[in-house]
Each structure stands twice: as C-alpha cells, then as structure tokens.
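*Asks:* Have a look at this one.
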Amino acid sequence: MPESFQANFCRHFGIPPDRYGQAVMQRTLYPHARWLRWLSSYNSFSADRSFIGSVGRMTRRADLPRELMEFGDDARNLPFWRGKARFRVSPARMLALFREVWPEPAATAAGAGPNTASASDTPCAAEASNSSSAPNTW
C-alpha cells in the first residue's frame, strides 16, 4: 500500500506522528494568523484541522487539487475573518509544503523516490493507518 502524505511528512521532517497536525498547521498558516492563533478558540481552526487531516491521509498526489478545492469551498471559510482576513491555512503554503515533502516523480533521482522506504521503516506508518479514527487534538 502506498504511503500517505502524513507518513512522508513525518519522515521528511523527523517528527513523531502525534506532532503531524500541529507541525503542518504551523508551516501552512498565513504569517499573521500564526501570531493570533493562540488568542482564538480551538473551534476557530476546525476547517483547517479537517483539511490537514484529509491531506495527511492522501496516498496519491493527484488528490491534492480536489482537497484544495474542497477547503476553498468549505462553508467554515466564509466569515470575513477566515475568508478576507485570511485567518486560516494558506492553500499556496500547503501546496508548497506538499511539493517539498512529496516531489514530482521526475524531480526525484531514478530509483530514489519518496516512497522507497518500507512501511516498517517509517515512524509514522502506524499513525497513517489509524489517522482516520484518531481525533484531532491539535
């Protein structure tokens, strides 16, 4: 079974599986939202946590455009402070992070693609398989 984005992300940055959501959130929020994040309620970022979790479960690069579109269409992004003020995850930052962690096949060296490690070599393999049932606590 192909590795998920979450497994690739954890391996790429050398972080434990339980830090995936928080680490992606920190890297993909708009800069001004990073500073204000700690002043807001937990529910303020529910759309972002759902988006980050969905991207984390992806096992095919081709699914990212659909996830980006669904995040953009999410009704939780309609209020002024999320839509116009951009107090949320940046789709462009997510795309850049995705490309860094999971580069195009042509961009990787022959035989050294991002999915060459076995599932047992990946510290996030167990988390990736259980991520759909685990609650988001970040």
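*Asks:* Which residues, taken from the range 16-31, are under 13 Å from residue 89 (Cβ atoms) and outside any strand (DSSP E or B)?
*Replies:* Within the range 16-31, 21, 22, 23, 24, 25, 26, 27, 28, 30, 31 qualify.
*Asks:* Which number in (1) within 20 Å of residue 104 (Cβ to Cβ); (2) touching a helix residue (DSSP H, G or I) at 6+ places or on another chain (Cβ under 8 Å) marks the one condition that residue 48 misses?
*Replies:* Condition (1) is where residue 48 drops out.
*Asks:* Show the residue pairs meeting these rules: Cβ distance below 6 Å; 6+ apart or different chains; first residue within the range 11-25 and of a type in the set (A, V, I, L, M); second residue in a loop (DSSP other than H, G, I, E, B).
*Replies:* From residues that are of a type in the set (A, V, I, L, M), the pairs are 23/15.
*Asks:* Would you say residue 100 is among the acidic types (Asp, Glu), under 26 Å from residue 38 (Cβ atoms), assigned to a helix (DSSP H, G or I) and out of contact with any strand residue (DSSP E or B) (no Cβ under 6 Å at 6 or more places or on another chain)?
*Replies:* Taking the combined requirement at face value, the residue satisfies it.
*Asks:* Shifting gears a bit: Output yes when any residue across the range 38-46 is surrounded by 19 or more Cβ atoms within 10 Å (Cβ to Cβ), part of a helix (DSSP H, G or I) and in contact with a Ser or Thr (Cβ under 8 Å, 6 or more places away or on another chain), and no when none is.
*Replies:* Scanning the range 38-46 turns up no residue that is surrounded by 19 or more Cβ atoms within 10 Å (Cβ to Cβ), part of a helix (DSSP H, G or I) and in contact with a Ser or Thr (Cβ under 8 Å, 6 or more places away or on another chain).
*Asks:* Search the range 28-46 for residues that are among the charged types (D, E, K, R) and pair each with any residue that is modelled with pLDDT of 85 or more and not in a helix (DSSP H, G or I) when their beta-carbon atoms are under 9 Å apart and the residues are at least 6 apart or on different chains.
*Replies:* Hits for this filter: 37/29; 37/87.
*Asks:* Let me ask you something else. Exactly one condition in (1) in a helix (DSSP H, G or I); (2) closer than 17 Å to residue 103 by Cβ; (3) among the β-branched types (Val, Ile, Thr) is false for residue 59; which is it?
*Replies:* (1)
*Asks:* Now a separate question. I'm trying to understand the selection: among the residues of the range 1-21, which are modelled with pLDDT under 95 and closer than 22 Å to residue 68 by Cα?
*Replies:* 2, 3 - these are the residues of the range 1-21 that are modelled with pLDDT under 95 and closer than 22 Å to residue 68 by Cα.
*Asks:* Could you tell me which of the residues 1, 69 is loosely packed, with under 14 Cβ neighbours inside 10 Å and assigned to a loop (DSSP other than H, G, I, E, B)?
*Replies:* 1
*Asks:* Among the residues of the range 53-65, which ones are surrounded by 15 or more Cβ atoms within 10 Å (Cβ to Cβ), without any contact (Cβ under 8 Å) to a residue 40 or more places away in the chain and not hydroxyl-bearing (Ser, Thr, Tyr)?
*Replies:* Once the filter is applied, which keeps residues that are surrounded by 15 or more Cβ atoms within 10 Å (Cβ to Cβ), without any contact (Cβ under 8 Å) to a residue 40 or more places away in the chain and not hydroxyl-bearing (Ser, Thr, Tyr), the range 53-65 yields only 64.
The values are calculated or read from the model by the stated rules, or taken from the named source; none is laboratory data. Here the structure is a predicted model, which is why all the values come from computation and not from measurement. For neighbour counting, all protein chains shown are included, and Cβ atoms are generated from backbone atoms with ideal geometry for every residue, glycine included.
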